[in-house]
Amino acid sequence: MSQIGRNDPCYCGSGKKYKKCCLSFPGTLEVERNLVLKERLQSGYPEFFSKDQTFFNTEDLSLKKMSEIIFDLADFFLHICDTHYAQERLIHFTIAAWNISLLDKSKHEETINIFIKEMGIDQRPELEEDCAIARHLFHMIISKKLSEYPDDKRFIADYVISKTPDGPYLNVAAIVPHEQLHLNH
């Protein structure tokens, strides 16, 4: 979800600029984002989301932050990426691989191919080699996820990657299955 600027129209529909409206009420943007995200999830990911799903802060559930896990899975490759664009693309791959790992194994290859097509990798001159590298990268990340985080079934529904002087910053919204909620309480 994109960031709202101070001079943008307020998301609440008042017609005022955000800085003159809801900016002065701490937490309202997060609440609104959660409501928008919840609506999107209910319609777009019904197999991962129940209508009574609650939004939690990761620390409240004693779970490792998803952003830390994604950086952990991508760590080796992030060190060899020399541009922010390359790091960002790798993070997209890692998040996609995480979510693909949650699917039935029989759907992995088909879903990887869809992602490769959506990323435009299959339209480049080095088509076969690039697609093979992308598939290999997916399989490596999925394998690492399944071996290091086998019981973590959180679905990454939304995320934002920001550029900072220290490297990419990742903010993740994930759906925690009810059975994983009960394991951590």
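Data table
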read-out: With DNA, RNA and ligands ignored, accessible area of His139 (1.4 Å probe; Å², nearest 10); value: 80
read-out: Extension gain (nm, one decimal) between Asn171 and Leu146, 0.36 nm per residue minus Cα-Cα; value: 6.8 nm
read-out: Entries in Lys107/Lys145; Lys105/Lys145; Lys17/Lys65 that, when Cα-Cα distance is taken, lie over 23 Å; value: Lys17/Lys65
read-out: Simple label model, 7 Å out from Cα along Cβ direction - Asp104 to Glu68, nm; value: 3.5
read-out: Asp152 accessible area, assembled protein chains, probe 1.4 Å, Å²; value: 20
read-out: With all protein chains modelled, accessible area of Tyr85 [1.4 Å, Å²]; value: 150
read-out: Computed FRET value (nearest 0.05) for Ala132 with Asp75, which takes r as the C-beta separation and R₀ as 22 Å; value: 0.45
read-out: FRET efficiency estimate (nearest 0.05) - Cβ-Cβ, Asn7 to Glu118, R0 41 angstrom; value: 0.80
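The values are calculated or read from the model by the stated rules, or taken from the named source; none is laboratory data. Keep in mind the model is a prediction, meaning the values are calculated, not measured. Positions of Cβ are backbone-derived with ideal geometry, glycine not excepted, and every protein chain shown enters the neighbour counts. Accessible surface areas use protein heavy atoms only, side chains included; no ligands, DNA or RNA. Shrake-Rupley method; radii C 1.70, N 1.55, O 1.52, S 1.80 Å.
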